[in-house]
Amino acid sequence: MKNKLYSDSQLFWLVVLRVAIGWHFLFEGLAKLSDPEWSSYFYLMDSKGIFAGFFKMLAENEQTLNIVNYLNIWGLILIGLFLMLGLFSKQVTIAAILLLSLYYLSHPPFFNLDYALPDAGNHWIVDKMLIEILALVVLLVFPTGKEIGLDRLIFTKKK
């Protein structure tokens, strides 16, 4: 008999969380891909905080900005798809955490920082970006891809 890592309820809700976050990434990537006018330029130039110089430098060079735009769009799409499918779950979850951490560092939610782009509500340190990062950490610690996902087909050894 196989050892169960999670109860049925735990597994269900962890997979729901993984798929929901994957959908969020996928949808954000597809929305950017489908908009020929989309660029990360204004987002990067609106950056505040201690890393603002780095993010603005990325936006100021057209070639670098094109690379950032490409990596952002396709990173979101691939991370989203792979999370939803439970494929390379550990690596993709780490990539998602890193990408969201860059977004968080670009626009840290502190009282004294005002951004040109509208945000939903008022935040101090904890915003929806940080909450999604923490949810991804939960998925990293409690992986589900080998239970329900393509990781099960790829990485489960047959006896």
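The values are calculated or read from the model by the stated rules, or taken from the named source; none is laboratory data. All figures in this text were calculated on a predicted structure; none of them were measured in a lab. Quick reminder, even Gly has a Cβ in these numbers, built from the backbone with ideal geometry, and neighbours come from all protein chains shown.
Residues in the range 39-50 that are hydrophobic (A, V, I, L, M, F, W, C) and surrounded by 14 or more Cβ atoms within 10 Å (Cβ to Cβ) were compared, and the one that is farthest from G75 (Cα to Cα) is M45. Residues of the range 1-50 that are part of a loop (DSSP other than H, G, I, E, B) and under 19 Å from the mean Cα position of the chain (by Cα): W38, S39, S40, S47.
Taking the conditions exactly as written (in contact (Cβ under 8 Å) with a residue 24 or more places away in the chain, farther than 23 Å from D35 by Cα, surrounded by fewer than 19 Cβ atoms within 10 Å (Cβ to Cβ) and over 11 Å from the mean Cα position of the chain (by Cα)), does L81 satisfy them or not? Against the criterion (in contact (Cβ under 8 Å) with a residue 24 or more places away in the chain, farther than 23 Å from D35 by Cα, surrounded by fewer than 19 Cβ atoms within 10 Å (Cβ to Cβ) and over 11 Å from the mean Cα position of the chain (by Cα)), L81 does not qualify.
Just one of (1) under 23 Å from W124 (Cα atoms); (2) at pLDDT below 95 fails for S101. It is (2). Taking each residue of the range 15-43 that is of a type in the set (V, I, T) and looking for partners that are in a helix (DSSP H, G or I) with beta-carbon atoms closer than 8 Å, six or more apart or interchain, yields V19/L83; V19/M84; I21/L83; I21/A96; I21/E132; I21/A135; I21/L136; I21/L139.
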